[in-house]
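> Pasting a structure here, questions to come.
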Amino acid sequence: MLYYLFDYLDREFDLIGAGVFQYISFRAGMAVLVSLLITITFGESLITMLRKKQVGETIRDLGLEGQMQKKGTPTMGGLIIIAAIVVPTLLFAKLENIYVILLLVTTLVLGAIGFLDDYIKVFKKNKEGLAGRFKVVGQVAVGLIVGATLFFSEDVVVREFSETPTEIQASGDTVINYEDVKSTTTTIPFVKNNELDYSKLNPTENNLITAAIYILVVIFFVTAISNGANITDGIDGLAAGTSAIIGLTLAILAYISGNAIFSEYLNVMFIPNSGELVIFCTAFVGACVGFLWYNSYPAQVFMGDTGSLSLGGVIAVLALVLRKELLIPVLCGIFVIENLSVILQVSYFKYTKKKYGEGRRIFKMSPLHHHYQKMEIPEPKIVTRFWIVGILLAIIALATLKLR
């Protein structure tokens, strides 16, 4: 909203300094600043309100050190994360941008699903919360909306440059030859000619089949990463810190993908208007870092499913919009391994119980962070080490821009 106000003031009144709002870098900086201020300033008020409403976390005794001390800690802190993402985005981003709209819808819808789950746990005293099938239905619905929009919207294009990219006009001006086209291509990391076209997976020429393939891919990533973030949110600061690292990496990728000079230099797919996502990404990072003010060990508030489901979904949609979803196993490696640890543990237990009559386990407990807790490693050390691994994975993800 402020972007449009200062754009108007710049055009109509030539207001000194108003033109600075045209720069993505300035608006991104303001977005992260406002996001941090919202979380830090209003976080205490939210925690106080949640305590008054007795919105405390229900803890199942898993035999983990210090676990029962967390009983009654306010949950639903994801509300402040969502506010700290949405408000700066509304203030500083171009709201007609299709990608910004998609990210806002994803944040609010998955946040609403998570809120409903937390509400059932806290106020209905049902430890299971919202039935898993209803969560999946909500995640699939978000994936369907995002996938259909990215596939069918005329505003979602990639820019293809001509092999002879410039021509000189009579006036002496240089014109770059390009065409914005609908495309189902994505980026394959670590490969020189690094583009995969989803339409090539369709043996027919039926566009609807290609759409179905693409939408299924989108649904898979949204559901998997949303659940991965949800599972990772098991110890103080882990999900928020990991999400901040991923969000910062995606902000860099968004800036490169939306900048013609950098994308050409790095031979990265140029996606018109994707640079606007830098504002959303910085608001996202600010919200996660600001939340750590209260969520770092020992946590004063938990984000709950309200926050974790929306964080994971947002990360997945950002990667899909930037056509970097095949980079998710690297960039979101923490979420992926946490997910896999649960799948492997449950599958192996069922297999050995059927084969030997007694279930056996790969880990002391899943998800993976609980395995390390069972090894009596302090929570802060586990979280710090996971963050370090997350930073290493982010560096590897960025290195794929040149390592091919």
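The values are calculated or read from the model by the stated rules, or taken from the named source; none is laboratory data. For clarity, every value in this text was computed on a predicted model and none was experimentally measured. Here the Cβ is made from the backbone with ideal geometry for all residues, glycine too, and neighbour counts use every protein chain on show. Side chains are part of the model used for accessible areas, which takes the heavy atoms of the whole protein and leaves out ligands, DNA and RNA. Shrake-Rupley method; radii C 1.70, N 1.55, O 1.52, S 1.80 Å.
> Would you pick out the residues in the range 80-100 that are under 16 Å from V289 (Cβ atoms) and not in a helix (DSSP H, G or I)?
Across the range 80-100, there are no qualifying residues.
> Of these, I377, I334, I362, which one is within 30 Å of T39 (Cα to Cα) and not in a helix (DSSP H, G or I)?
Unique residue meeting the criteria: I377.
> Here is a follow-up. Output the residues belonging to the range 261-298 that are of a type outside the set (A, V, I, L, M) and in contact with a strand residue (DSSP E or B) (Cβ under 8 Å, 6 or more places away or on another chain).
E264, F270, P272
> Take the range 363-382 and flag every residue that is loosely packed, with under 14 Cβ neighbours inside 10 Å and touching a residue at least 12 places away in the same chain (Cβ under 8 Å).
E376
> Sticking with this one: With the structure loaded, tell me whether I219 is over 20 Å from F291 (Cβ atoms) and either open to solvent by 40 Å² or more (accessible area, probe 1.4 Å) or modelled with pLDDT of 95 or more (or both) or whether it fails that test.
Yes.
> In this structure, is V278 buried (at least 24 other Cβ atoms within 10 Å of the Cβ) and at pLDDT 95 or above?
yes
> In the range 76-89, what residues are open to solvent by 30 Å² or more (accessible area, probe 1.4 Å) and within 13 Å of T282 (Cα to Cα)?
Correct list: V87 only.
> Shifting gears a bit: Would you say G304 is at pLDDT 95 or above and closer than 30 Å to G132 by Cα?
No, not satisfied.
> Something else about it: Restricting the first residue to the range 92-116 and requiring it to be open to solvent by 10 Å² or more (accessible area, probe 1.4 Å), which pairs with a second residue that is among the charged types (D, E, K, R) meet a Cβ separation below 7 Å and a spacing of at least six or different chains?
Cβ pairs passing all conditions: K94/E276; N97/E276; I98/D155; I113/K135.
> What are the pairs with Cβ atoms under 6 angstrom where one residue, in the range 274-300, is in contact (Cβ under 8 Å) with a residue 60 or more places away in the chain and over 23 Å from L90 (Cβ atoms) and the other, located anywhere, is of a type in the set (S, T, Y) and assigned to a helix (DSSP H, G or I)? Sequence gap at least six, or different chains.
Q300/Y294
> Still on this structure, I have one more. Do we find that R385 is open to solvent by 70 Å² or more (accessible area, probe 1.4 Å) and under 24 Å from the mean Cα position of the chain (by Cα) in this structure?
yes
> From the list I328, I343, pick out the single residue that is in contact with a helix residue (DSSP H, G or I) (Cβ under 8 Å, 6 or more places away or on another chain) and either crowded, with 24+ Cβ neighbours inside 10 Å or not aromatic (F, W, Y) (or both).
I328
> Would you confirm whether any residue within the range 292-301 is open to solvent by 10 Å² or more (accessible area, probe 1.4 Å), in contact with an Asp or Glu (Cβ under 8 Å, 6 or more places away or on another chain) and outside any loop (DSSP other than H, G, I, E, B)?
Checking the range 292-301: at least one residue is open to solvent by 10 Å² or more (accessible area, probe 1.4 Å), in contact with an Asp or Glu (Cβ under 8 Å, 6 or more places away or on another chain) and outside any loop (DSSP other than H, G, I, E, B).
> Just checking, which of L311, L340, L393 is assigned to a helix (DSSP H, G or I) and under 13 Å from the mean Cα position of the chain (by Cα)?
From the options L311, L340, L393, the qualifying one is L311.
> Quickly run through the range 346-360 and pick out the residues that are open to solvent by 90 Å² or more (accessible area, probe 1.4 Å) and either in contact (Cβ under 8 Å) with a residue 24 or more places away in the chain or among the hydroxyl-bearing types (S, T, Y) (or both).
Answer for the range 346-360, where residues must be open to solvent by 90 Å² or more (accessible area, probe 1.4 Å) and either in contact (Cβ under 8 Å) with a residue 24 or more places away in the chain or among the hydroxyl-bearing types (S, T, Y) (or both): Y351, Y356.
> Something else about it: Here are T187, T232, T242, T249: which of them is crowded, with 19+ Cβ neighbours inside 10 Å, among the hydroxyl-bearing types (S, T, Y) and touching a Lys or Arg at 6+ places or on another chain (Cβ under 7 Å)?
Sole residue among the options that is crowded, with 19+ Cβ neighbours inside 10 Å, among the hydroxyl-bearing types (S, T, Y) and touching a Lys or Arg at 6+ places or on another chain (Cβ under 7 Å): T187.
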